[in-house]
Amino acid sequence: MSLAAVLRRLATAAVTLFGVAVVVFVLLRVAPGDPIAMMIGPGASEADIAALRARYGLDQGLVTQFFIWLQGLIAGDLGTSISLRSDVLGLLGQRLPATLELAGAALVVALLVGGTIAILGTLARRSPGEAVVDGANGLLLAVPDFIWALAFVLVFAVFIPVFPLTGRMDPTIDMDFATRFFLLESLVRAEFAVFGNIVSHMTMPVLALALPLAAIVARVLKGALIEAMGQDYVLLARLKGKSELRLVLQEALRNALPATLALTGVQFTFLVGGTVIIERIFAYPGIGNMAIDAVINRDLPLIQGIVLAFGAMFIAINLAVDLAVAALNPRLRHG
Amino acid sequence: MSAPLLDISGLSAISTRENARVLRDVDLVVAEGEVHGLVGESGAGKSTIAKAVLDMLPRTIRVTGGRIVFRGRDLASLDRASLRALVAREIALIPQDPMTGLNPTRRIEAQLTDGMRLVAGMSRGEARERALALLEEVRIADPARTLAAYPHELSGGMRQRVLIAAAFALEPKLVVADEPTTALDVTVQKQILRLIRGMQERHGTGVIFVTHDLGVVAKICDRVTLLYQGKVVEAGTAREMIETPRHAYTRALLAASPRYDRPEHGCDPVPGSVVAGLEAEIARHDEGRAP
Amino acid sequence: MADALPRESAPLDAATAAPSLAQRARRPLWRDLLAEKRVVIAGSYLALLALVAIFAPWIAPRDPLEQDLMLSLLPPAWAAGAEPGYWLGTDDLGRDVLSRLIYGARVALTVALVAATLAAILGSVLGLLAGWYRGLVDGAVSRLVDIWMAFPPVLLSILLVAIIGAGLPAVIIAIVIIDWTRFCRVVRAETMQQAAQDYVIAARTIGFSRRAILIREILPNVAPVLVALVSLEMGIAVIVEAILSFVGLSVSSDMPTWGGMIAQGRQIIHHAWWVLAAPLAMLFVTVLAFNQLGDGLRRALDPVARR
């Protein structure tokens, strides 16, 4: 993809993001329910409430409020959370890495699981094994992350308690982290006990998020692989004595990947969106879990900040997918 | 010349999907160093024969009788692994479409040297040397640059040259050329035919040349076998068949093929009576045999 | 080397390939539907579930709201310590899990039916308009879809219900507002594709008005995809309702819902796993059924696949 194309995509993305900001802002401001009243409790005087309203800029007109917020946004200030009484940007900085690690790990697992299913299905094509693989994948495809998560809770936390039910790691762990990317940092600093602890906490939520995406990856990739396996270059390589597995991995996979990535990129945004409820189920300290509390507490600045963060992530994913597809295709890379 | 390179006798096959005969008692002999044309309309069974020789028949086609003897060995008597090894070593394929014959995501060097490294066990350096020599032999102007290129950077004719180089890379005894010129335009076609003939003569390789075009047969083949619906209609030297065709179908087919020397002549379709005669012959052949 | 055989029979295929209307009429629709095994199985299950929901007061062994702290946390009938008559046990307030499950089907199916239908109508109308009129309409609709797609759906639904206020109508409205884009995208693409087909161009040259073509030519061809999507959307709606109940934003607590039971079961999971397992199983089977029904319908109704 040329630089101009990237810039054009970024410009469209900016317009979309602005639209998201406007929609959220309008939705929240026309909504009934007073965040100040929820925050301050019944005994407060009128004057106190008015003072607080002024402090959070809620006494201004809708348009004025929006432009104040927009000005802050451009200056890198997302306002102050009403319920947590803390800087929104700071809160995002604290919580976002947890969500990014969760979604990133889920993406990796989804690609591995989906890729394996697709390769098995391709090797078993036109044999009874294919129906088994397709059937299993059809089940994966139909079950959403919410059901997976709760099923895992029942099986792996209650019936056979092997994984911890909640949190990101044991509270007893005492490690001075330099970043908020605990999983990556513990790995890089070779703190394997801590790393293992985090992994065991993340296993259930990651699997719940990954399985639906894995099913989609598997279906699309298998179709693309089988098509590639019918090409003459595969036949020629087969005549040279390459095994079927090597044919799939060396000849077909590279050709099947761009289409798969392009088709599953959007699905990854669904995975990221799914972190909201999955983090809730496992009390995982990411922005999704925080978002639900923010909504329940009518914490307007925080909701806005989180929604914007999700929107930015979605757009970044789409852009990254386009770039990856271009990078994988030699025709586009050189042309 | 002693024993033939390839001796197919009485080969019959059915398609399990359509429950129809696809090959009917086919005899085919290819001598060492000869170019043998396998001619017929689409569906005549020429591709099925080629696939049977390469042990690449789809699961839907079952061989019901006959033998394929390659250099004195009955292919059916070999176990799967030694058959694969034999094919990899001594039989090669030039595919029909140069666009899909090369993997778009791998460089030419990797694709050209695959067989040398896997089958002949050459080192990376040896394989590269051999690849350069081969590309020179198929008259590619800049072999080093071509090796580093991806397929989409080459023209259709160049790709077909690369595929020919790959087919001759391991000095096979037999090359199956599956309509290698149909996807190319006419001027390139002639060059490619000349190239295959030249390579074949230099290396002393036997070639099965699959085509539906009798004009091509005249240019490149020594001997020809003509098929209709899986049955051999006529076999003989290319010259005999074109100058003194014995079978009415051969004559009709010759009349139907465009002549490069007389383009204004046009072509005549195969007459219905000839087709009816053939159908009757095939019906007689099938009589008494359960399909 | 292409397989020689399919080529041989290609002309035959081509002759039957055109999905002629006469041919479609010859085979009745219901036979195609019954031929799809999953349509039959999933459809039967969902019909049964609908009957259970409708006749809940007669079927449920007890009042789903009746609390009896003396009988709290009873295990299911097959486990030790079970009380006869409480087939699936009781929750921490002593309410009968089976009865709550049966009443919960009412909320689930109501939301599925109403929300999916409304979302389908809103989305298809916008999709048809965008796909048919192109230009400015398409630009506006597509931009709107883009903006919508940049929201995490779960967060948006929670946000909407928080704004509209909890309750069944709010849940339905939230689902419609979020999921119309699913219909819009598919119908828009399908309409654009259909509009470029020969038969539409032919209809135009004969002089049919744009609206007549839209209704008489495009809509029937988009319909199969739409029917399948509605079925899939019903499954999604059931899940979204459960998620909202789980977060505590769906209907009030005096109406049992599967999601509400799941949330409650999640709290007392170490004391009574069945309070979570029972509604989760129902949710799973129901979503799977809607999914399979949608898949089967798409196959059975697809005019190309039906020939």
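Going by the conditions given, is A:A326 more than 7 Å from every other protein chain (Cβ to nearest Cβ), within 26 Å of A:A214 (Cβ to Cβ) and at pLDDT below 85? So A:A326 fits the description; yes.
Can you confirm whether segment B:146-157 contains a residue that is in a helix (DSSP H, G or I) and touching an Asp or Glu at 6+ places or on another chain (Cβ under 6 Å)?
Looking only at segment B:146-157, we keep the residues that are in a helix (DSSP H, G or I), and these are B:146-148, B:151-153, B:156-157.
Now restrict to residues that are touching an Asp or Glu at 6+ places or on another chain (Cβ under 6 Å): B:147.
Yes, some residue in segment B:146-157 is in a helix (DSSP H, G or I) and touching an Asp or Glu at 6+ places or on another chain (Cβ under 6 Å).
For segment A:62-150, the helices (runs of 4 or more DSSP H) that sit wholly inside it and include 2 or more residues that are at pLDDT 90 or above and not β-branched (V, I, T) are A:88-123, A:128-142.
Please verify whether segment B:189-212 includes one or more residues that are within 22 Å of the chain's Cα centre (by Cα), modelled with pLDDT of 85 or more, among the polar types (S, T, N, Q) and more than 21 Å from B:I91 (Cα to Cα). Yes, the conditions are met somewhere in segment B:189-212. When B:G101, B:G121, B:G115, B:G65 are screened for being of a type outside the set (S, T, N, Q), surrounded by fewer than 18 Cβ atoms within 10 Å (Cβ to Cβ) and touching a residue at least 40 places away in the same chain (Cβ under 8 Å), only B:G65 passes.
Here is a check on your reading of the model: is B:I94 in contact with a helix residue (DSSP H, G or I) (Cβ under 9 Å, 6 or more places away or on another chain), within 14 Å of chain C (Cβ to nearest Cβ), over 17 Å from B:T182 (Cβ atoms) and at pLDDT 90 or above? Criteria not met by B:I94.
With respect to B:D79, determine if the residue is over 23 Å from B:E281 (Cβ atoms), out of contact with any Ser or Thr (no Cβ under 9 Å at 6 or more places or on another chain), loosely packed, with under 15 Cβ neighbours inside 10 Å and at pLDDT 90 or above.
Details: over 23 Å from B:E281 (Cβ atoms): yes; out of contact with any Ser or Thr (no Cβ under 9 Å at 6 or more places or on another chain): yes; loosely packed, with under 15 Cβ neighbours inside 10 Å: yes; at pLDDT 90 or above: yes.
Yes.
Taken over segment B:27-57, the criterion of being more than 10 Å from chain C (Cβ to nearest Cβ) and basic (K, R) is satisfied by no residue. Within segment A:235-282, the set of residues being farther than 23 Å from A:A105 by Cβ, more than 8 Å from every other protein chain (Cβ to nearest Cβ) and among the charged types (D, E, K, R) comprises A:E244, A:R246. Only one of the numbered conditions (1) at pLDDT 85 or above; (2) in a loop (DSSP other than H, G, I, E, B); (3) within 14 Å of chain C (Cβ to nearest Cβ) is violated by A:P285, and that is (3).
Where in segment C:110-215 are there helices (runs of 4 or more DSSP H), lying wholly inside it, with at least 3 residues that are on the phi < 0 side of the Ramachandran plot and touching a residue at least 12 places away in the same chain (Cβ under 8 Å)?
On the way: elements: C:135-149, C:153-164, C:168-195, C:198-206, C:210-213.
So the answer is C:135-149, C:153-164, C:168-195, C:198-206.
Of all positions in segment B:143-154, none carries a residue that is among the small types (G, A, S), in contact with a helix residue (DSSP H, G or I) (Cβ under 7 Å, 6 or more places away or on another chain), buried (at least 20 other Cβ atoms within 10 Å of the Cβ) and more than 9 Å from every other protein chain (Cβ to nearest Cβ). Summed over segment B:88-110, residues that are outside any loop (DSSP other than H, G, I, E, B) and touching a Pro at 6+ places or on another chain (Cβ under 8 Å) total 6. Among the residues of segment B:182-203, is any crowded, with 20+ Cβ neighbours inside 10 Å, away from chain A (no Cβ under 14 Å) and of a type outside the set (A, V, I, L, M, F, W, C)? Yes: one or more hits.
For segment C:63-85, the tally of residues that are touching a residue at least 40 places away in the same chain (Cβ under 8 Å) and over 18 Å from C:A277 (Cβ atoms) stands at 1.
Per-residue answers, yes or no, for (1) more than 20 Å from B:G115 (Cβ to Cβ); (2) of a type in the set (V, I, T); (3) in a helix (DSSP H, G or I); (4) at pLDDT below 90:
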position	(1), (2), (3), (4)
A:A237	no, no, yes, no
A:L245	no, no, yes, no
A:Q250	no, no, yes, no
A:L263	yes, no, yes, yes
A:T269	yes, yes, yes, yes
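Take the conditions part of a loop (DSSP other than H, G, I, E, B) and not hydroxyl-bearing (S, T, Y) and apply them to A:L165. Does it pass? Reasoning before the result, please.
Working: part of a loop (DSSP other than H, G, I, E, B): yes; not hydroxyl-bearing (S, T, Y): yes.
Yes, satisfied.
Considering segment C:246-272, the residues that are crowded, with 21+ Cβ neighbours inside 10 Å and part of a loop (DSSP other than H, G, I, E, B) include one that is nearest to the other protein chains (Cβ to nearest Cβ), namely C:L249.
Could we say that B:A85 is outside any helix (DSSP H, G or I) and within 11 Å of chain A (Cβ to nearest Cβ) here? If you could, list the steps in order and put the result at the bottom.
On the way: outside any helix (DSSP H, G or I): no; within 11 Å of chain A (Cβ to nearest Cβ): yes.
No.
The values are calculated or read from the model by the stated rules, or taken from the named source; none is laboratory data. Computed from a predicted model, the values in this text were never measured in an experiment. Please note: Cβ atoms are built from the backbone with ideal geometry, for glycine as well, and neighbour counts cover all protein chains shown.
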